[in-house]
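The values are calculated or read from the model by the stated rules, or taken from the named source; none is laboratory data. Predicted model, so just to flag it, every value in this text is computed and none were measured. All Cβ positions, glycine included, derive from the backbone under ideal geometry; neighbour counts span all protein chains shown.
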Amino acid sequence: MLATLLVAPPPEELLRRLAAMGADSTPLGTALGQLAEAAATADADSVADEFAALFVGVTGGEIMPYASWYLTGFLHEKPLAELRQDMIRLGIEPSPGVAEPEDHAASLLEMMQGLITGLFGAPLALPEQKIFFQAHLGNWMPRFLGDLDKAPSARFYRAVAGIGRVFLEIEAQAFAMVD
């Protein structure tokens with residue numbers, strides 16, 4: 001879900017499905033409820049405008065959703081090269097026709113999902129998942145989501161940042177138990 005929302009603005013049908021989600025008193029349930037509320041009050045056109053202001057813009061958006069940018073201050077730097085080496089080692093091929101560098105937040109979330117579910121072969125063992133998470137998501141994505149939460153143009157995406165923060169906290173706590 002996070003990858004889908006960070007790669008492109010959601011169409012009206014996805015907004016309606018998000019609006020129908022339930023909430024509960026857990027941190028994840030609360031964040032899901034906030035996303036449902038944001039989706040219920042949004043429309044696809046306004047979210048597309050928000051997405052463009054946040055991530056695209058004429059000279060770049062308010063936020064750069066790339067690991068290299070957050071870790072070095074530049075695009076196409078060492079973190080991207082290291083990710084590409086890990087992708088080769090893990091049998092992950094770049095998606096054909098995708099122009100974005102592989103260290104885009106959405107791509108990394110999709111890779112993590114694939115490593116867990118076995119999309120790229122057998123599911124990766126937990127210690128290996130932990131290494132990938134720490135090397136390519138946990139070391140920068142919390143700052144990215146914090147910036148997204150505070151971005152002047154963020155309205156719907158403030159709730160997306162909330163879900164992302166809770167997700168990363170859960171993953172970090174779970175991986176802390178892995179030897």
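Would the range 142-149 turn up any residue that is in contact with a Gly (Cβ under 9 Å, 6 or more places away or on another chain), under 25 Å from LEU35 (Cα atoms), surrounded by fewer than 19 Cβ atoms within 10 Å (Cβ to Cβ) and modelled with pLDDT of 95 or more?
Yes, some residue in the range 142-149 is in contact with a Gly (Cβ under 9 Å, 6 or more places away or on another chain), under 25 Å from LEU35 (Cα atoms), surrounded by fewer than 19 Cβ atoms within 10 Å (Cβ to Cβ) and modelled with pLDDT of 95 or more.
Restricting the search to the range 70-87, which residues are surrounded by 13 or more Cβ atoms within 10 Å (Cβ to Cβ) and either among the aliphatic types (A, V, I, L, M) or out of contact with any Pro (no Cβ under 9 Å at 6 or more places or on another chain) (or both)? LEU71, PHE74, LEU75, GLU77, PRO79, LEU80, GLU82, LEU83, ASP86, MET87 - these are the residues of the range 70-87 that are surrounded by 13 or more Cβ atoms within 10 Å (Cβ to Cβ) and either among the aliphatic types (A, V, I, L, M) or out of contact with any Pro (no Cβ under 9 Å at 6 or more places or on another chain) (or both). Residues considered: MET64, MET111. Of these, the only one that is surrounded by 13 or more Cβ atoms within 10 Å (Cβ to Cβ) and farther than 28 Å from ARG155 by Cβ is MET111.
Output the residue which, of all residues in the range 49-84 that are aromatic (Phe, Trp, Tyr) and free of Cβ contacts under 8 Å to residues at least 60 places away in the same chain, is farthest from PHE133 (Cα to Cα). Among them, the one singled out is PHE55.
If a residue counts only when it is under 27 Å from GLU102 (Cβ atoms), in contact with a helix residue (DSSP H, G or I) (Cβ under 7 Å, 6 or more places away or on another chain) and at pLDDT 95 or above, which helices (runs of 4 or more DSSP H) contained entirely in the range 1-77 have at least 3 such residues?
On the way: elements: 2-7, 12-19, 27-40, 44-51, 67-72.
Once the helices (runs of 4 or more DSSP H) in the range 1-77 are filtered for at least 3 residues that are under 27 Å from GLU102 (Cβ atoms), in contact with a helix residue (DSSP H, G or I) (Cβ under 7 Å, 6 or more places away or on another chain) and at pLDDT 95 or above, what remains is 2-7, 67-72.
Given the structure, is ILE163 in contact (Cβ under 8 Å) with a residue 60 or more places away in the chain and either exposed (fewer than 14 other Cβ atoms within 10 Å of the Cβ) or among the hydrophobic types (A, V, I, L, M, F, W, C) (or both)?
Here the answer is yes, as ILE163 does meet what is asked.
Among the residues of the range 33-61, the one identified as surrounded by 14 or more Cβ atoms within 10 Å (Cβ to Cβ) and of a type in the set (Val, Ile, Thr) is VAL47.
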